[in-house]
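Working notes, structure below.
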Amino acid sequence: MTQVNQEIMEKFQPEGIFSNRWHGHDICYCEHCTRNFKTATGLELPKAADKLDPTYRKWADWRMKRLREVWSVWDAGIRKQKPTARFIPNGFPDKVMTGKEADLFFADQQARRGLMAPWSNGKGAKELRSTLGMKPLIGIFSVGIEEEFRWKDSVQSDAEIRIWVAEGTANGMRPCFVKFGVTSTINAGWKP
Ligand SMILES: [Zn+2]
């Protein structure tokens, strides 16, 4: 990844690299994770995500430290090429550490689902604001529906989007919208 980041920085000189789903999906059993966890703790990787299992809890701590290391290595590489640029992780499990380490942060709280209260976007913003101080906090919101079965090509009502974004903005987030599925319309009459 360090080399991939380097190539992106060289070719496009972006202001930063925002990485979605960068922290993997639960326990990874690849040779690197197996070896690194063994070296750090002397243990084999836990067989399942069981919070009552002491090995799993050790894994969760180890993972947090490991992610922080990875963030730090990638960020340092990017800054070396462009001092004002940053690696921006999409989400980090520890909000206190996020507030301490990040120079800016993107909160991926795209919309309501189920019985979630409309003000919960503001609550999330307030929590991050309390750890980030006055550093820039960006609130990603989605135009589409975020229910259990996310329909990213959809569009919600004005009122739904407005209250969600207003809550985030009122609690110190800068709004940033995402809309999926636009290219299919744009490309409909376009031939390369
Ligand atoms: Zn792995």
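The values are calculated or read from the model by the stated rules, or taken from the named source; none is laboratory data. Note that the coordinates shown come from a computational prediction; the quantities given were computed from them, not determined experimentally. Virtual Cβ from ideal backbone geometry, glycine too; neighbours counted across all protein chains shown.
One residue is enough: does region 114-124 have a residue meeting the conditions in contact (Cβ under 8 Å) with a residue 24 or more places away in the chain, under 14 Å from the mean Cα position of the chain (by Cα) and part of a loop (DSSP other than H, G, I, E, B)?
no
If Val96 passes every condition in (1) surrounded by 14 or more Cβ atoms within 10 Å (Cβ to Cβ); (2) under 20 Å from the mean Cα position of the chain (by Cα) but one, which one does it miss?
For Val96, the failing item is (1).
From the list Ile145, Ile186, Ile138, pick out the single residue that is more than 27 Å from Ile88 (Cα to Cα) and at pLDDT below 95.
On the way: Ile145 fails: more than 27 Å from Ile88 (Cα to Cα); Ile138 fails: more than 27 Å from Ile88 (Cα to Cα).
From the options Ile145, Ile186, Ile138, the qualifying one is Ile186.
Yes or no: region 32-47 includes at least one residue that is β-branched (Val, Ile, Thr), within 16 Å of the ligand (Cβ to nearest atom), outside the structural domain of Asp108 (by TED's automatic domain parsing) and under 22 Å from the mean Cα position of the chain (by Cα). Break it down into steps so the answer makes sense when it comes.
Within region 32-47, the first condition is being β-branched (Val, Ile, Thr), and the residues that meet it are 34, 39, 41.
Remaining after also requiring within 16 Å of the ligand (Cβ to nearest atom): 34, 39, 41.
From the residues that got through so far, the ones that are outside the structural domain of Asp108 (by TED's automatic domain parsing) too are 34, 39, 41.
Within this subset, residues satisfying the condition of being under 22 Å from the mean Cα position of the chain (by Cα) are none.
No, there is no match, as no residue in region 32-47 is β-branched (Val, Ile, Thr), within 16 Å of the ligand (Cβ to nearest atom), outside the structural domain of Asp108 (by TED's automatic domain parsing) and under 22 Å from the mean Cα position of the chain (by Cα).
Being farther than 18 Å from Ile88 by Cα and either more than 15 Å from the ligand (Cβ to nearest atom) or over 24 Å from the mean Cα position of the chain (by Cα) (or both) is the filter here; which residues of region 1-31 pass it?
Once the filter is applied, which keeps residues that are farther than 18 Å from Ile88 by Cα and either more than 15 Å from the ligand (Cβ to nearest atom) or over 24 Å from the mean Cα position of the chain (by Cα) (or both), region 1-31 yields Lys11, Glu31.
Looking at Trp62, is it within 14 Å of the ligand (Cβ to nearest atom), closer than 30 Å to Glu127 by Cβ, under 21 Å from the mean Cα position of the chain (by Cα) and modelled with pLDDT of 95 or more? Break it down stepwise before answering.
Values: within 14 Å of the ligand (Cβ to nearest atom): yes; closer than 30 Å to Glu127 by Cβ: yes; under 21 Å from the mean Cα position of the chain (by Cα): yes; modelled with pLDDT of 95 or more: yes.
Yes, satisfied.
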